[in-house]
Amino acid sequence: MSDDDLDLAFEGAEDRGRWKHRKKEGGGRTLMALTLVLLLLGGLAGAGYVGYGKVKGFFSAADYAGPGTGEVAVEVASGNTATDIANTLYKAGVVKSAAAFVEAAKDNPKSKDVQVGSYLLKKEMKAADALSMLLDLKNKNVNKVTIPEGIISLQIFDRLSKATGIPVADFKTAAKSPAKLGVPALWFKRRDGKKVNPTDIEGFLYPATYEFPKDAKAADVLKIIIEHFNAEMEKLDFVNQSAKFQISPYEALVAASIAQVEALLPQDMGPVARVLYNRAYTGNFPCSCLQLDSTVNYWLRISGKDAKSSEKLLTTELHDPKNPYNYDVKGMAIGPISSPGEVALKGAITAPKSDYYFFVTVDQKGAMAYGKTNAEHEANIQKACKNGIPIC
(Lines give C-alpha, C1' and ligand atoms only; values in the text may rest on other atoms or scores of the structure.)
Protein backbone atom coordinates (compact mmCIF):
# COMPACT_ATOMS: atom_id res chain seq x y z
CA MET A 1 0.00 0.00 0.00
CA SER A 2 1.35 3.49 -1.05
CA ASP A 3 1.60 6.57 1.07
CA ASP A 4 -1.01 8.16 -1.17
CA ASP A 5 -3.50 5.44 -0.34
CA LEU A 6 -2.99 6.03 3.38
CA ASP A 7 -3.32 9.73 2.93
CA LEU A 8 -6.55 9.27 0.99
CA ALA A 9 -7.94 7.04 3.61
CA PHE A 10 -7.20 9.49 6.39
CA GLU A 11 -8.45 12.34 4.31
CA GLY A 12 -11.72 10.54 3.75
CA ALA A 13 -12.06 9.94 7.42
CA GLU A 14 -11.43 13.55 8.27
CA ASP A 15 -13.72 15.16 5.60
CA ARG A 16 -16.41 13.15 3.88
CA GLY A 17 -17.03 15.79 1.24
CA ARG A 18 -13.58 15.94 -0.28
CA TRP A 19 -13.43 12.39 -1.70
CA LYS A 20 -16.82 12.76 -3.47
CA HIS A 21 -15.24 15.11 -6.00
CA ARG A 22 -12.53 12.63 -7.01
CA LYS A 23 -12.77 10.37 -10.02
CA LYS A 24 -15.09 7.41 -9.65
CA GLU A 25 -12.35 4.85 -10.21
CA GLY A 26 -10.42 6.43 -7.35
CA GLY A 27 -13.24 5.63 -4.96
CA GLY A 28 -12.57 1.86 -5.16
CA ARG A 29 -8.96 2.33 -4.25
CA THR A 30 -9.93 4.56 -1.38
CA LEU A 31 -12.43 2.05 -0.01
CA MET A 32 -9.87 -0.76 -0.23
CA ALA A 33 -7.27 1.35 1.52
CA LEU A 34 -9.69 2.18 4.29
CA THR A 35 -10.55 -1.49 4.76
CA LEU A 36 -6.92 -2.52 4.91
CA VAL A 37 -6.11 0.18 7.40
CA LEU A 38 -8.98 -0.92 9.64
CA LEU A 39 -7.84 -4.52 9.42
CA LEU A 40 -4.29 -3.46 10.19
CA LEU A 41 -5.35 -1.43 13.19
CA GLY A 42 -7.57 -4.26 14.40
CA GLY A 43 -4.68 -6.71 14.07
CA LEU A 44 -2.37 -4.41 15.97
CA ALA A 45 -4.99 -3.99 18.67
CA GLY A 46 -5.37 -7.76 18.96
CA ALA A 47 -1.63 -8.23 19.06
CA GLY A 48 -1.40 -5.51 21.67
CA TYR A 49 -4.00 -7.26 23.84
CA VAL A 50 -2.22 -10.58 23.63
CA GLY A 51 1.10 -8.92 24.35
CA TYR A 52 -0.39 -7.09 27.32
CA GLY A 53 -1.63 -10.35 28.70
CA LYS A 54 1.84 -11.87 28.44
CA VAL A 55 3.48 -8.85 30.01
CA LYS A 56 0.93 -8.73 32.78
CA GLY A 57 1.55 -12.41 33.56
CA PHE A 58 5.28 -11.79 33.60
CA PHE A 59 5.23 -8.89 36.03
CA SER A 60 2.30 -10.03 38.21
CA ALA A 61 2.58 -13.61 39.51
CA ALA A 62 -0.49 -15.80 39.23
CA ASP A 63 -2.34 -15.93 42.53
CA TYR A 64 -5.55 -17.34 43.90
CA ALA A 65 -8.12 -14.83 45.11
CA GLY A 66 -9.92 -16.90 47.70
CA PRO A 67 -9.14 -18.10 51.22
CA GLY A 68 -8.77 -21.69 50.03
CA THR A 69 -10.59 -24.93 50.75
CA GLY A 70 -9.92 -28.28 52.35
CA GLU A 71 -6.77 -29.11 54.26
CA VAL A 72 -3.23 -30.07 53.30
CA ALA A 73 -0.08 -30.67 55.35
CA VAL A 74 3.15 -28.97 54.25
CA GLU A 75 6.61 -29.24 55.73
CA VAL A 76 9.01 -26.34 56.28
CA ALA A 77 12.47 -27.89 56.59
CA SER A 78 15.52 -26.48 58.32
CA GLY A 79 17.42 -24.13 56.03
CA ASN A 80 14.48 -23.52 53.68
CA THR A 81 14.50 -20.18 51.83
CA ALA A 82 11.35 -18.33 50.78
CA THR A 83 11.77 -19.89 47.34
CA ASP A 84 12.04 -23.38 48.82
CA ILE A 85 8.86 -22.85 50.82
CA ALA A 86 7.16 -21.35 47.77
CA ASN A 87 7.96 -24.42 45.69
CA THR A 88 6.70 -26.71 48.44
CA LEU A 89 3.42 -24.80 48.63
CA TYR A 90 3.04 -24.80 44.84
CA LYS A 91 3.57 -28.56 44.58
CA ALA A 92 1.04 -29.11 47.37
CA GLY A 93 -1.57 -27.03 45.51
CA VAL A 94 -1.66 -24.33 48.18
CA VAL A 95 -0.60 -21.39 45.98
CA LYS A 96 -1.19 -20.81 42.28
CA SER A 97 2.47 -19.97 41.63
CA ALA A 98 5.71 -20.03 43.57
CA ALA A 99 6.37 -16.47 42.44
CA ALA A 100 3.22 -15.25 44.19
CA PHE A 101 4.46 -16.57 47.53
CA VAL A 102 7.94 -15.11 47.02
CA GLU A 103 6.35 -11.72 46.33
CA ALA A 104 4.19 -12.02 49.45
CA ALA A 105 7.28 -12.91 51.50
CA LYS A 106 9.13 -9.85 50.16
CA ASP A 107 6.20 -7.63 51.13
CA ASN A 108 5.95 -9.03 54.67
CA PRO A 109 8.95 -8.30 56.96
CA LYS A 110 7.76 -11.04 59.34
CA SER A 111 8.22 -13.74 56.69
CA LYS A 112 11.70 -14.48 58.06
CA ASP A 113 10.04 -15.69 61.28
CA VAL A 114 8.46 -18.78 59.72
CA GLN A 115 9.53 -21.73 61.88
CA VAL A 116 10.60 -25.20 60.90
CA GLY A 117 7.87 -27.82 61.13
CA SER A 118 4.72 -29.25 59.61
CA TYR A 119 1.71 -26.98 59.01
CA LEU A 120 -1.93 -27.51 58.09
CA LEU A 121 -2.92 -25.10 55.30
CA LYS A 122 -5.65 -25.01 52.66
CA LYS A 123 -5.56 -25.62 48.94
CA GLU A 124 -5.85 -22.75 46.45
CA MET A 125 -5.04 -19.99 48.91
CA LYS A 126 -4.03 -16.43 48.26
CA ALA A 127 -0.24 -16.41 48.75
CA ALA A 128 -0.35 -13.69 51.41
CA ASP A 129 -2.92 -15.71 53.36
CA ALA A 130 -0.75 -18.82 53.13
CA LEU A 131 2.15 -16.86 54.57
CA SER A 132 -0.03 -15.59 57.41
CA MET A 133 -1.01 -19.14 58.28
CA LEU A 134 2.64 -20.21 58.32
CA LEU A 135 3.40 -17.39 60.75
CA ASP A 136 0.59 -18.47 63.09
CA LEU A 137 1.89 -21.34 65.26
CA LYS A 138 -1.68 -22.46 65.84
CA ASN A 139 -1.57 -23.94 62.35
CA LYS A 140 1.36 -26.22 63.09
CA ASN A 141 0.51 -29.83 62.32
CA VAL A 142 1.88 -31.02 65.65
CA ASN A 143 1.04 -32.11 69.15
CA LYS A 144 3.02 -30.09 71.68
CA VAL A 145 4.11 -31.77 74.92
CA THR A 146 6.31 -30.57 77.78
CA ILE A 147 8.21 -33.14 79.84
CA PRO A 148 9.40 -31.55 83.10
CA GLU A 149 12.49 -32.63 85.01
CA GLY A 150 12.18 -35.28 87.68
CA ILE A 151 9.07 -37.19 86.60
CA ILE A 152 9.13 -40.91 85.79
CA SER A 153 8.39 -42.75 82.56
CA LEU A 154 4.83 -43.70 83.59
CA GLN A 155 4.00 -40.04 84.11
CA ILE A 156 5.61 -39.18 80.79
CA PHE A 157 3.55 -41.81 78.96
CA ASP A 158 0.42 -40.31 80.48
CA ARG A 159 1.34 -36.82 79.30
CA LEU A 160 2.18 -38.08 75.83
CA SER A 161 -1.07 -40.00 75.61
CA LYS A 162 -3.19 -37.01 76.59
CA ALA A 163 -1.49 -34.79 74.01
CA THR A 164 -1.41 -37.24 71.10
CA GLY A 165 -4.40 -39.47 71.72
CA ILE A 166 -2.14 -42.52 71.54
CA PRO A 167 -2.99 -45.11 74.25
CA VAL A 168 -0.59 -45.35 77.20
CA ALA A 169 -0.32 -49.06 76.48
CA ASP A 170 1.24 -48.28 73.09
CA PHE A 171 3.95 -46.20 74.73
CA LYS A 172 4.64 -48.92 77.30
CA THR A 173 5.01 -51.49 74.53
CA ALA A 174 7.28 -49.33 72.38
CA ALA A 175 9.39 -48.38 75.41
CA LYS A 176 10.38 -51.99 76.03
CA SER A 177 12.96 -51.74 73.24
CA PRO A 178 15.12 -48.66 74.02
CA ALA A 179 17.83 -49.83 71.62
CA LYS A 180 15.36 -49.91 68.71
CA LEU A 181 14.29 -46.40 69.65
CA GLY A 182 17.85 -45.14 69.27
CA VAL A 183 19.56 -45.58 72.66
CA PRO A 184 23.22 -46.44 71.84
CA ALA A 185 24.68 -49.74 73.07
CA LEU A 186 27.19 -47.97 75.32
CA TRP A 187 24.34 -47.07 77.71
CA PHE A 188 23.67 -50.71 78.52
CA LYS A 189 26.98 -51.33 80.28
CA ARG A 190 28.19 -50.64 83.82
CA ARG A 191 31.62 -50.72 85.45
CA ASP A 192 30.44 -51.89 88.85
CA GLY A 193 29.49 -55.37 87.72
CA LYS A 194 25.73 -54.85 87.82
CA LYS A 195 23.66 -55.60 84.75
CA VAL A 196 21.63 -52.98 82.93
CA ASN A 197 18.04 -53.86 82.15
CA PRO A 198 17.86 -53.46 78.33
CA THR A 199 14.07 -53.01 78.49
CA ASP A 200 14.16 -50.07 80.94
CA ILE A 201 13.70 -46.69 79.27
CA GLU A 202 13.82 -44.75 82.54
CA GLY A 203 16.26 -41.84 82.43
CA PHE A 204 16.42 -41.66 78.63
CA LEU A 205 13.26 -39.58 78.15
CA TYR A 206 14.92 -36.17 78.17
CA PRO A 207 12.91 -33.33 79.76
CA ALA A 208 12.02 -30.67 77.18
CA THR A 209 9.14 -29.28 75.15
CA TYR A 210 8.49 -31.35 72.04
CA GLU A 211 6.40 -31.06 68.90
CA PHE A 212 5.28 -34.36 67.42
CA PRO A 213 3.61 -34.82 64.01
CA LYS A 214 -0.07 -35.55 64.48
CA ASP A 215 0.20 -38.79 62.53
CA ALA A 216 3.14 -40.08 64.61
CA LYS A 217 2.91 -43.49 66.29
CA ALA A 218 4.10 -44.24 69.85
CA ALA A 219 7.48 -45.48 68.63
CA ASP A 220 7.90 -42.37 66.45
CA VAL A 221 7.26 -40.11 69.43
CA LEU A 222 9.74 -41.93 71.65
CA LYS A 223 12.36 -41.94 68.89
CA ILE A 224 12.14 -38.15 68.70
CA ILE A 225 12.69 -37.90 72.47
CA ILE A 226 15.61 -40.34 72.39
CA GLU A 227 17.16 -38.44 69.50
CA HIS A 228 17.06 -35.31 71.65
CA PHE A 229 18.55 -37.22 74.58
CA ASN A 230 21.47 -38.34 72.40
CA ALA A 231 22.04 -34.81 71.16
CA GLU A 232 22.11 -33.41 74.69
CA MET A 233 24.52 -36.12 75.87
CA GLU A 234 26.80 -35.27 72.97
CA LYS A 235 26.62 -31.58 73.83
CA LEU A 236 27.55 -32.30 77.45
CA ASP A 237 30.28 -34.76 76.43
CA PHE A 238 28.61 -36.92 79.05
CA VAL A 239 30.29 -40.19 78.12
CA ASN A 240 33.84 -38.87 78.38
CA GLN A 241 33.16 -36.74 81.44
CA SER A 242 31.62 -39.60 83.40
CA ALA A 243 34.72 -41.71 82.72
CA LYS A 244 36.71 -39.26 84.89
CA PHE A 245 34.83 -40.67 87.89
CA GLN A 246 35.76 -44.23 86.91
CA ILE A 247 32.11 -45.04 86.29
CA SER A 248 30.02 -45.81 83.22
CA PRO A 249 27.77 -43.20 81.58
CA TYR A 250 24.79 -45.22 82.78
CA GLU A 251 25.89 -45.04 86.42
CA ALA A 252 26.34 -41.28 86.09
CA LEU A 253 22.85 -41.10 84.55
CA VAL A 254 21.48 -42.96 87.57
CA ALA A 255 23.21 -40.51 89.91
CA ALA A 256 21.82 -37.56 87.93
CA SER A 257 18.30 -38.98 88.14
CA ILE A 258 18.58 -39.27 91.95
CA ALA A 259 20.11 -35.81 92.34
CA GLN A 260 17.24 -34.42 90.25
CA VAL A 261 14.75 -35.74 92.82
CA GLU A 262 16.75 -35.13 96.01
CA ALA A 263 18.15 -31.63 95.34
CA LEU A 264 15.75 -28.73 95.07
CA LEU A 265 18.26 -26.06 94.05
CA PRO A 266 20.60 -26.11 91.03
CA GLN A 267 23.72 -25.55 93.14
CA ASP A 268 23.05 -28.74 95.10
CA MET A 269 22.89 -31.12 92.13
CA GLY A 270 26.65 -31.65 91.97
CA PRO A 271 27.29 -31.97 95.73
CA VAL A 272 24.42 -34.46 96.08
CA ALA A 273 25.84 -36.54 93.22
CA ARG A 274 29.20 -36.55 95.02
CA VAL A 275 27.56 -37.88 98.18
CA LEU A 276 26.06 -40.70 96.10
CA TYR A 277 29.48 -41.55 94.66
CA ASN A 278 31.05 -41.45 98.12
CA ARG A 279 28.45 -43.84 99.50
CA ALA A 280 28.42 -46.26 96.58
CA TYR A 281 32.06 -46.44 95.53
CA THR A 282 34.52 -45.44 98.26
CA GLY A 283 33.89 -48.29 100.68
CA ASN A 284 33.90 -45.82 103.56
CA PHE A 285 30.14 -45.78 104.08
CA PRO A 286 28.48 -48.60 106.05
CA CYS A 287 27.14 -51.24 103.63
CA SER A 288 28.19 -49.04 100.68
CA CYS A 289 24.49 -48.54 100.02
CA LEU A 290 22.54 -45.38 99.21
CA GLN A 291 19.83 -45.63 101.89
CA LEU A 292 17.52 -43.15 100.17
CA ASP A 293 13.79 -42.67 100.52
CA SER A 294 13.60 -41.50 96.91
CA THR A 295 14.69 -44.87 95.51
CA VAL A 296 12.23 -46.72 97.75
CA ASN A 297 9.44 -44.41 96.60
CA TYR A 298 10.36 -44.98 92.97
CA TRP A 299 9.74 -48.69 93.42
CA LEU A 300 6.39 -47.99 95.06
CA ARG A 301 5.33 -45.81 92.14
CA ILE A 302 6.29 -48.20 89.36
CA SER A 303 4.55 -50.94 91.36
CA GLY A 304 1.30 -49.01 91.15
CA LYS A 305 1.41 -47.58 94.66
CA ASP A 306 1.59 -44.01 95.94
CA ALA A 307 4.85 -42.45 97.03
CA LYS A 308 5.13 -41.48 100.68
CA SER A 309 6.82 -38.69 102.57
CA SER A 310 9.92 -39.75 104.51
CA GLU A 311 8.24 -39.77 107.90
CA LYS A 312 5.46 -42.08 106.62
CA LEU A 313 7.62 -44.75 105.00
CA LEU A 314 7.46 -47.99 106.98
CA THR A 315 10.55 -49.90 108.03
CA THR A 316 9.24 -52.90 106.12
CA GLU A 317 9.06 -50.74 103.00
CA LEU A 318 12.56 -49.36 103.44
CA HIS A 319 14.05 -52.84 103.76
CA ASP A 320 11.67 -54.78 101.53
CA PRO A 321 13.79 -57.58 99.99
CA LYS A 322 11.49 -57.63 96.94
CA ASN A 323 12.36 -54.00 96.23
CA PRO A 324 15.59 -53.83 94.20
CA TYR A 325 15.84 -50.13 95.17
CA ASN A 326 15.65 -50.69 98.94
CA TYR A 327 17.92 -49.27 101.64
CA ASP A 328 20.18 -52.32 101.77
CA VAL A 329 21.22 -52.69 98.11
CA LYS A 330 24.96 -52.16 97.76
CA GLY A 331 26.39 -49.64 95.32
CA MET A 332 24.66 -47.32 92.88
CA ALA A 333 20.97 -47.99 92.24
CA ILE A 334 20.19 -50.51 89.51
CA GLY A 335 18.62 -47.86 87.29
CA PRO A 336 17.50 -44.22 86.99
CA ILE A 337 14.56 -43.13 89.12
CA SER A 338 13.53 -40.05 87.09
CA SER A 339 14.23 -38.06 83.95
CA PRO A 340 17.13 -35.75 84.84
CA GLY A 341 17.50 -32.38 83.16
CA GLU A 342 20.59 -30.50 82.03
CA VAL A 343 21.53 -29.11 85.47
CA ALA A 344 21.34 -32.50 87.18
CA LEU A 345 23.26 -34.16 84.35
CA LYS A 346 25.98 -31.53 84.56
CA GLY A 347 26.07 -32.00 88.32
CA ALA A 348 26.67 -35.73 87.92
CA ILE A 349 29.73 -35.22 85.71
CA THR A 350 31.15 -32.20 87.56
CA ALA A 351 30.45 -33.31 91.13
CA PRO A 352 32.91 -31.40 93.37
CA LYS A 353 35.21 -33.44 95.58
CA SER A 354 34.13 -33.75 99.19
CA ASP A 355 34.19 -36.11 102.18
CA TYR A 356 30.45 -35.77 102.70
CA TYR A 357 28.27 -38.85 103.13
CA PHE A 358 25.07 -37.15 104.23
CA PHE A 359 22.75 -34.43 102.98
CA VAL A 360 19.41 -33.05 104.09
CA THR A 361 17.16 -30.15 103.14
CA VAL A 362 17.32 -27.64 105.98
CA ASP A 363 15.01 -24.74 105.05
CA GLN A 364 11.86 -23.84 103.17
CA LYS A 365 13.89 -22.49 100.24
CA GLY A 366 15.33 -25.94 99.60
CA ALA A 367 18.92 -25.35 100.72
CA MET A 368 20.95 -28.43 101.57
CA ALA A 369 23.29 -29.06 104.49
CA TYR A 370 26.02 -31.71 104.29
CA GLY A 371 27.74 -33.86 106.88
CA LYS A 372 30.80 -36.12 107.05
CA THR A 373 29.59 -38.09 110.05
CA ASN A 374 26.28 -39.33 111.37
CA ALA A 375 26.60 -36.84 114.26
CA GLU A 376 26.90 -33.93 111.83
CA HIS A 377 23.94 -35.30 109.93
CA GLU A 378 21.82 -35.48 113.08
CA ALA A 379 22.69 -31.87 113.87
CA ASN A 380 21.58 -30.84 110.39
CA ILE A 381 18.33 -32.72 110.85
CA GLN A 382 17.62 -30.78 114.04
CA LYS A 383 18.30 -27.58 112.14
CA ALA A 384 15.81 -28.66 109.49
CA CYS A 385 13.20 -29.43 112.14
CA LYS A 386 13.57 -25.98 113.64
CA ASN A 387 12.99 -24.51 110.18
CA GLY A 388 9.76 -26.45 109.75
CA ILE A 389 10.98 -29.23 107.47
CA PRO A 390 8.78 -32.30 108.23
CA ILE A 391 11.43 -34.98 108.77
CA CYS A 392 11.43 -35.30 112.58
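Could you list all residues from the range 63-87 that are assigned to a loop (DSSP other than H, G, I, E, B), in contact with a Lys or Arg (Cβ under 9 Å, 6 or more places away or on another chain) and surrounded by 13 or more Cβ atoms within 10 Å (Cβ to Cβ)? Correct list: D63, Y64, G68.
A single entry from P336, P390, P324, P340 fulfils the requirement of being surrounded by fewer than 17 Cβ atoms within 10 Å (Cβ to Cβ) and within 28 Å of E251 (Cβ to Cβ): P324.
Here F188 qualifies as at pLDDT 95 or above, under 18 Å from P336 (Cα atoms) and of a type in the set (F, W, Y).
Consider the range 157-166 and keep the residues that are without any contact (Cβ under 8 Å) to a residue 24 or more places away in the chain and of a type outside the set (G, A, S). The one that is nearest to D220 (Cα to Cα) is F157.
The values are calculated or read from the model by the stated rules, or taken from the named source; none is laboratory data. Values in this document were obtained by computation on a predicted structure and should not be read as measured data. Cβ sites come from the backbone with ideal geometry, for glycine too, and all protein chains shown count toward neighbours.
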